[in-house]
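For reference, the structure discussed in these notes is given below.
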Amino acid sequence: MGERLAGEPDLISPQILITLVQVIQKAAFIDNQPVDLGDGSLLTATEIHLIDMAGRYPGDTISDLSVRMGVTKSAVSQMVQKLVVKGYLIRCREEGNRKNICLHLTQNGKKAFAWHKSLHSNVDEQIISFLSALSEQERKILLELLERLKATIDHSLLIRDDHIQSFLLSYNLETS
């Protein structure tokens with residue numbers, strides 16, 4: 001099935017890599033576009049994701065959300081403050097525990113939460129429709145490839161750091 005002959009260059013793999021990078025860049029670009037849901041206030045992707053977490057887990061504390069989001073309590077506190085000022089979240093003290101602050105969505109917060117959920121439903125439906133048109137064998141191959149790619153990307157920071165060290169060593173030797 002389309003095997004390359006010995007010594008024949010692989011022309012498709014570089015094109016796959018280019019296309020994959022383009023897909024990732026387009027997704028990142030879309031995710032980084034602020035959203036205006038009609039109240040004149042722009043919401044960043046990070047703010048939308050915090051609203052999503054607060055909507056999915058009503059009454060969670062800042063500590064709870066920081067764990068769920070994998071960011072520091074300080075980062076969540078700063079985002080919460082911005083969203084309180086913008087009118088998407090309200091803070092309240094937990095009953096019986098004056099230290100913990102729980103979060104709830106305002107009406108604008110509920111609207112942003114519903115929009116985000118609706119957006120993902122729409123996009124997910126389109127992607128599932130595309131994938132469903134593939135054969136079961138094609139879907140299995142695609143899943144295996146994506147899992148292997150994910151494992152490679154999981155190690156990308158180590159790869160990058162190792163590469164920096166080897167590059168600097170060879171570069172310094174070449175230029176000295």
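Test V71 against the criterion of being in a loop (DSSP other than H, G, I, E, B), touching a helix residue (DSSP H, G or I) at 6+ places or on another chain (Cβ under 9 Å) and in the same structural domain as L43 (by TED's automatic domain parsing), and give yes or no.
Details: in a loop (DSSP other than H, G, I, E, B): yes; touching a helix residue (DSSP H, G or I) at 6+ places or on another chain (Cβ under 9 Å): yes; in the same structural domain as L43 (by TED's automatic domain parsing): yes.
Spelling it out, V71 is indeed in a loop (DSSP other than H, G, I, E, B), touching a helix residue (DSSP H, G or I) at 6+ places or on another chain (Cβ under 9 Å) and in the same structural domain as L43 (by TED's automatic domain parsing).
Just one of (1) in a helix (DSSP H, G or I); (2) in contact with a strand residue (DSSP E or B) (Cβ under 7 Å, 6 or more places away or on another chain) trips up V85, so point out which.
Single failed check for V85: (2).
One residue is enough: does region 163-176 have a residue meeting the conditions among the acidic types (D, E), surrounded by 10 or more Cβ atoms within 10 Å (Cβ to Cβ) and either assigned to a helix (DSSP H, G or I) or touching a residue at least 12 places away in the same chain (Cβ under 8 Å) (or both)?
Within region 163-176, the first condition is being among the acidic types (D, E), and the residues that meet it are 174.
Next, only the ones that are surrounded by 10 or more Cβ atoms within 10 Å (Cβ to Cβ) stay: none.
Scanning region 163-176 turns up no residue that is among the acidic types (D, E), surrounded by 10 or more Cβ atoms within 10 Å (Cβ to Cβ) and either assigned to a helix (DSSP H, G or I) or touching a residue at least 12 places away in the same chain (Cβ under 8 Å) (or both).
Of the residues H49, H104, H116, which single one is touching a Cys at 6+ places or on another chain (Cβ under 7 Å) and either in the same structural domain as A28 (by TED's automatic domain parsing) or within 30 Å of L17 (Cβ to Cβ) (or both)? Before you say what the answer is, go through the steps one by one.
Details: H49 fails: touching a Cys at 6+ places or on another chain (Cβ under 7 Å); H116 fails: touching a Cys at 6+ places or on another chain (Cβ under 7 Å).
Answer to the check: H104.
Are any residues in region 123-157 over 20 Å from the mean Cα position of the chain (by Cα), part of a helix (DSSP H, G or I) and closer than 24 Å to V21 by Cα, and if so, which ones? Write out each step before concluding.
Looking only at region 123-157, we keep the residues that are over 20 Å from the mean Cα position of the chain (by Cα), and these are 129-142, 144.
Okay, now just the ones that are also part of a helix (DSSP H, G or I), so 129-132, 136-142, 144.
The answer is S129, F130, L131, S132, E138, R139, K140, I141, L142, E144.
Of everything in region 122-160 that's hydroxyl-bearing (S, T, Y) and modelled with pLDDT under 95, which residue is farthest from D39 (Cα to Cα)?
Here is the first cut: in region 122-160, the ones hydroxyl-bearing (S, T, Y) are 129, 132, 135, 152, 156.
Within this subset, residues satisfying the condition of being modelled with pLDDT under 95 are 152, 156.
Numbers: T152: 42, S156: 40 Å.
Taking the candidates together, the pick is T152.
From the residues in region 34-62 that are acidic (D, E) and part of a loop (DSSP other than H, G, I, E, B), which one is nearest to A75 (Cα to Cα)?
D60
Report whether or not T106 is among the polar types (S, T, N, Q) and exposed (fewer than 12 other Cβ atoms within 10 Å of the Cβ).
The answer is no for T106.
Counting just the residues of region 55-86 that are more than 22 Å from the chain's Cα centre (by Cα), closer than 23 Å to K117 by Cβ and at pLDDT 95 or above, which one comes out surrounded by the fewest Cβ atoms within 10 Å (Cβ to Cβ)?
Within region 55-86, the match that is surrounded by the fewest Cβ atoms within 10 Å (Cβ to Cβ) is V84.
The values are calculated or read from the model by the stated rules, or taken from the named source; none is laboratory data. What you are looking at is a predicted structure, and each value in this text was computed from that prediction instead of being measured. Every residue, glycine as well, gets a Cβ built from its backbone with ideal geometry; the counts of neighbours run over all protein chains shown.
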